[in-house]
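What follows is a set of notes on a single structure, which appears directly below.
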Amino acid sequence: MSIQTEWAVLTGPPGSGKTTVLNLLAARGYLVLDDVSRKVIEKRLQTGDTAETARQDQVKLQTAILDEMLLAESALQTDVLVFLDYALPDNIAFGEMENITVPGVKEAAEKYKYKTVFLFEPLPMVNDEVRNEDSRYQLEIHSKLNKVYSQLGYEVVHVGIGTPEERVDLLMLSTDPANKWLQRTQKTRR
């Protein structure tokens, strides 16, 4: 049985504006969990890997991402609104993109029940030292993410292209229209 949470997942292809929106939410005072997969890849880059070599052994990479994501999510309070940049079910879709199955991924994906899942539409891709995907990849992973969350029983909220502020406003209308979570978060930080 899944553990019910108040968490909101921001999912979508690389380069869809999730991190920008997450940073705006954090600036407004909301609790956020940064992209764990990016941190795993950045850690590999710091130890001498290139973007390509960091991704060569996809089973090892996806297993490391899953393990770190499990640790990060298990440290969160389930009864508090937290915005997550990716979540455990995303690992299924990313594994499918690489034609691999990470042991335990299905069980991990069902560990928590997220309150809301926001699927971001792809924006024009901007690559960096961690991202090396193209627009074809963006469209394919977008479809797979939608399928995975839908199959897990989520009603996916699609976040279209707009300014970061417009996207934040959409998230707020869906998760915290009366700012109760923001007020609660601010009280606990004092």
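Couple of notes before you dig in:
- Charge dipole of the chain about the Cα centre (unit charges at C-beta), most positive-ward option of Y112, A51, V157: Y112
- Counting every alpha-carbon pair across the stretch 93-167, the share separated by more than 19 Å comes to 46%.
- Compared with the direct C-alpha span, the chain from K180 to E42 gains 46.2 nm at full extension, assuming 0.36 nm per residue.
- Surrounding net charge for I100, when Lys and Arg each add one and Asp and Glu each subtract one, Cβ distance under 11 Å: -2
- The chain - convex hull of the alpha-carbon atoms, volume per residue in Å³: 119
- Multiplying the residue separation of H158 and E96 by 0.36 nm and removing their Cα-Cα distance gives an extension gain of 20.2 nm.
- FRET efficiency, K113 to S143 (Cβ-Cβ, R0 25 Å, nearest 0.05): 0.60
- Estimated distance in nm for a label pair at A72 and R136, the labels positioned 7 Å out from Cα along Cα-to-Cβ: 2.9
- With helices as the sole contributors, the chain gives -14500 deg cm²/dmol at 222 nm; each DSSP H run of n ≥ 4 counts as -39500 (n - 2.57), and the sum is divided by every residue.
- DSSP bridge pairs, the chain: antiparallel proportion in percent, nearest 5: 0
- Ligands, DNA and RNA left out, the 1.4 Å accessible surface of the stretch 1-92 is 53% carbon and sulfur atoms.
- Selection of GluC sites (Glu not before Pro), the stretch 132-161, meeting DSSP coil and at most 12 other Cβ within 10 Å: E155
- Anchor K113: lysines whose Cα lies under 22 Å away (excluding residues fewer than 8 positions away in-chain): K18, K144, K147, K180
- Cα shape, the stretch 80-129, gyration tensor, a/c 1.5 rule: oblate
- Cβ-placed point charges (K, R +1; D, E -1), dipole of the stretch 1-152 about Cα centre in debye, nearest 20: 260
- Spin-label model, V80 to D57: label points 7 Å out along the Cα-to-beta-carbon direction sit 3.6 nm apart.
- With bins 10 Å wide beginning at 0, the percent of Cα pairs of the stretch 41-86 falling in each bin runs 23, 42, 25, 10.
- Rounded accessible area per residue of the chain, 1.4 Å, Å²: 51
- Over the stretch 1-53, the hull volume per residue, using the convex hull of the C-alpha atoms, is 135 Å³.
The values are calculated or read from the model by the stated rules, or taken from the named source; none is laboratory data. Here the structure is a predicted model, which means the values were calculated and not measured. FYI the Cβ positions are ideal-geometry reconstructions off the backbone, even for glycines, and counts take in every protein chain you see. Accessible surface areas use protein heavy atoms only, side chains included; no ligands, DNA or RNA. Shrake-Rupley method; radii C 1.70, N 1.55, O 1.52, S 1.80 Å.
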